[in-house]
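Written below as structure tokens is the structure these notes are about.
Taken together, the values in this text are just the output of simple stated rules run on the coordinates, not laboratory data. Note that the structure is predicted; figures quoted are calculated from it, not measured. Neighbour counts are summed over all protein chains in view; Cβ atoms, including those assigned to glycine, are modelled from backbone coordinates with ideal geometry.
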Amino acid sequence: MESAQPVVVAIDGPSGTGKSSTSKAVAAQLGMSYLDTGAQYRAITWWMVHHGIDVTDPSAIAAVAGKPEIVSGTDPAGPTITVDGVDVAGPIRTDEVTARVSAVSAVPEVRARITELQRSLAGSAARGIVVEGRDIGTTVLPDADVKVFLTASAEARAARRSGELQGVDVHSTRDALLKRDAADAGRKTSPFVKAGDALEVDTTDLTLAQVIECVVTLVEEKRAGK
Ligand code: DC
């Protein structure tokens with residue numbers, strides 16, 4: 001019998017593994033909320049750039065980390081993100097933000113602020129939530145009911161990403177992805193690593209539908225057994 005207890009799902013992995021598409025689809029299919037934590041780090045990075053903060057200076061970032069008000073809408077059919085009331089869904093995907101997000105998200109004060117937001121959203125999701133990111137299963141929600149770590153070869157990830165960004169060269173996308181992975185994995189606070197108890201799914205040779213089905217099955221099993 002299904003219990004009323006909401007299920008919390010953590011989906012971590014680097015970009016280009018199908019993390020966002022999978023997480024959104026699973027949440028929509030199962031009537032759950034959805035949170036893109038990368039969008040939150042991108043949003044705080046956008047705010048820093050917009051306000052002329054020197055993003056090469058961690059102490060300058062730390063000093064203002066508490067200022068921006070970041071609000072995430074968690075409907076998987078139309079997730080939203082605003083900073084101080086401004087819709088930043090478009091601006092957070094620019095190269096300018098992408099190139100700076102690893103530096104900003106490495107600052108402990110930024111991570112503490114964003115982690116608090118994430119825990120609060122997860123805790124208030126009455127119908128359960130799928131949270132995607134880099135440190136969800138390890139740091140943000142270590143007690144998540146289902147933990148998945150998505151991987152794919154660098155080539156497959158670059159090909160998917162440059163397809164999404166239309167017309168962008170695959171080799172430069174691959175180099176940029178690997179550079180960002182290395183920066184995220186090498187940071188001191190909450191480095192990007194797989195949680196010991198996460199199920200690793202290599203998506204290189206899987207279709208998106210197959211990955212979604214795999215995660216939906218895991219969540220349904222968890223719901224049934226809870
Ligand atoms: O998933 P994404 O590419 O939108 O994430 C952007 C950056 O945000 C990524 O390079 C690392 C950072 N990030 C993080 O440090 N922790 C998370 N939980 C999610 C993203």
- Shape call for the range 97-226, from the Cα gyration tensor axes a ≥ b ≥ c (a/c under 1.5 means rounded, otherwise prolate when a/b beats b/c, else oblate), comes out oblate
- Message: Quick check: net charge around Q29, other residues with Cβ under 12 Å of its Cβ, Lys/Arg +1 and Asp/Glu -1?
- Response: -1
- For G123, what charge total do you get from the other residues with a beta carbon under 15 Å from its beta carbon, if Lys and Arg give +1 and Asp and Glu give -1? -1
- Task: State, as an integer percentage, the relative contact order of the range 27-184 based on alpha-carbon contacts under 8 Å between residues 6 or more apart.
- Result: 26 percent
- Note on the structure: Rounded to the nearest 10, the angle in degrees between the Cα long axis of helix 170-186 and the longest principal axis of the Cα atoms of the chain comes to 90 degrees
- Would you mind checking the tilt of helix 108-123 against the longest principal axis of the Cα atoms of the chain, expressed as 0 to 90 degrees and rounded to 10? 30 degrees
- Message: Can you compute the radius of gyration and Dmax for the chain, using only the Cα atoms, both in Å?
- Response: 16.9, 54
- Message: Between helix 154-164 and the chain, what is the angle of the helix's C-alpha long axis to the longest principal axis, kept within 0 to 90° and rounded to the nearest 10?
- Response: 80 degrees
- Query: With point charges of +1 on the Cβ of Lys and Arg and -1 on the Cβ of Asp and Glu, referenced to the Cα centre of the chain, which listed residue (H171, G31, G196) lies farthest in the positive direction of the dipole?
  - Reply: G196
- CD proxy, 222 nm, the chain: helix-only mean residue ellipticity via -39,500 (n - 2.57) per DSSP H run with n ≥ 4, per residue, nearest 500, stands at -15000 deg cm²/dmol
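Packing-wise, with mean Cβ within 10 Å as the measure, how do 13-26, 72-85 rank, highest first?
Packing proxy ranking, top to bottom: 13-26, 72-85.
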- Message: Taking a ≥ b ≥ c as the square roots of the Cα gyration tensor eigenvalues, with a/c under 1.5 meaning rounded and otherwise prolate when a/b beats b/c, else oblate, which class fits the range 66-123?
- Response: oblate
- Item | Shape parameters for the range 1-99, alpha-carbon atoms, Rg then Dmax in Å | 15.7, 54
- Query: Using a simple spin-label model with points 7 Å from Cα along the Cα→Cβ vector, what separation in nm is obtained for E164 and T94?
  - Reply: 1.9 nm
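Within 14 Å, Cβ to Cβ, of A198, how many net charges do the neighbouring residues add up to if Lys/Arg are +1 and Asp/Glu are -1?
Local net charge: -3.
Relative contact order of the range 143-226: what whole-number percent is it, with Cα pairs under 8 angstrom and at least 6 residues apart?
Working: 58 pairs, mean separation 36.4, N = 84.
Worked out over the range 143-226, it gives 43 percent.
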- Query: What whole number of Å gives the distance from the Cα centroid of the range 155-205 to the Cα centroid of the range 83-152?
  - Reply: 16 Å
- Query: Averaged over all directions, how much area does the convex hull of the C-alpha atoms of the range 51-90 cover when projected, in nm²?
  - Reply: 3.6 nm²
- Quickly work out the T151-to-V86 label distance, labels modelled 7 Å from Cα along the C-beta direction, and quote it in nm with one decimal. 4.0 nm
- Item | Rounded to whole Hz, the Karplus (6.51, -1.76, 1.60) HN-Hα couplings of the range 62-78, x for glycine and proline | 4, 4, 10, 4, x, 6, x, 9, 9, 10, 10, x, 10, 7, x, 6, x
- Message: Checking the cross-link filter: which lysines have an alpha carbon closer than 23 Å to that of K24, excluding same-chain neighbours under 8 positions apart?
- Response: K147, K194, K222, K226
